[in-house]
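Participant: Sharing a structure with you now.
Any read-out appearing in this document is the output of simple, stated calculations on the displayed coordinates, not a laboratory observation. Quick caveat, the model's predicted, so the values are computed rather than measured. No Cβ is skipped: glycine too gets one built from the backbone with ideal geometry, and neighbour counts run over all protein chains shown.
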């Protein structure tokens, strides 16, 4: 039983392993993992200047997801990203309050660093709405090979009174990336 006002309906983990792309095998497999929490929106009908219930809950939810995600990935994390979809009874600022500014700390703590900003995306949607979770290199925002996305959706979420929070970690960049950082030429 949860003692805080955040009610998590379910948590989903999705692991993807890329072995080849464009007819060519990869020199190194690329692993991506997504952790998704579906929670009841505690800020419905509340003053929009007071969204602390979401920003206060984000570290606890992030820590729970990251603990399992890092054990499932079992490799060095190169890139990361985060996103949120708010149900239609909520507001975009509810999604923003969940992933900014407190979610970054548990992500960085779990992977042992991360100097670059964590790419993010928010949107409003119905059941099954897809979102592109952007990813970028955890330490070098100018490392273009890791700029990518993972498109995710949940068939039965978000309900109008819910928010879906997404975290994505990867062990590599885009398969066969040719566009590199201008500082690495």
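Participant: Tell me, in nm to one decimal, what length is gained between residue 130 and residue 55 on full extension, where the rule is 0.36 nm per residue of separation less the Cα-Cα distance?
Facilitator: Using 0.36 nm per residue and subtracting the Cα-Cα distance, I get 24.7 nm.
Participant: Right, something else. Let me know the Kirkwood hydrodynamic radius for region 20-91, please, with Cα pairs as the basis and the value in Å to one decimal.
Facilitator: Result for region 20-91, one decimal place: 15.3 Å.
Participant: Mind pulling the angle between the C-alpha long axis of helix 52-73 and the longest principal axis of the chain? Nearest 10 degrees, somewhere in 0 to 90.
Facilitator: The helix 52-73 is inclined about 40 degrees to the chain.
Participant: Can you give the calculated 222 nm mean residue ellipticity of the chain, where each DSSP H run of n ≥ 4 adds -39,500 (n - 2.57) and the sum is split over every residue, rounded to the nearest 500 deg cm²/dmol?
Facilitator: -6500 deg cm²/dmol
Participant: So, one more: Please work out the Cα center distance from region 33-97 to region 119-185, rounded to the nearest Å.
Facilitator: About 14 Å separates the Cα centre of region 33-97 from the one of region 119-185.
Participant: What's log10 of I(q)/I(0) for region 70-158 at q = 0.13, 0.16, 0.17 Å⁻¹, Debye sum over Cα points only, no solvent?
Facilitator: Ignoring solvent entirely, the Cα scatterers give -0.47, -0.69, -0.77.
Participant: Return a whole-number percent for the relative contact order of region 97-158, with Cα pairs under 8 Å and 6 or more residues apart as the contact set.
Facilitator: 31 percent
Participant: Taking the chain as a Gaussian network, Cα atoms linked when under 10 Å apart, which of 98, 26, 73 shows the biggest mean-square fluctuation?
Facilitator: Comparing 98, 26, 73 in a Gaussian network model of the chain, the most mobile one is 26.
Participant: Only counting other Cβ atoms within 10 Å, I'd like 138, 15 sorted with the fewest neighbours first.
Facilitator: 15, 138
Participant: Ok, one more. With a 10 Å Cβ neighbour count serving as the proxy for reagent exposure, in which order, fewest first, do 129, 135 appear?
Facilitator: So the residues, fewest neighbours to most, are 129, 135.
Participant: If you average the sequence gap of Cα pairs under 8 Å that are 6 or more apart and divide by the length of the chain, what percent do you get for the contact order?
Facilitator: 27 percent
Participant: Find the Cα radius of gyration of the chain, compare it with 2.2 N^0.38 Å by division, and give the number to two decimals.
Facilitator: My calculation over the Cα atoms of the chain gives 1.04.
Participant: For 143, 25, which order do you get if you count the other beta carbons within 10 Å of each Cβ and list the fewest first?
Facilitator: By the 10 Å Cβ count, ascending: 25, 143.
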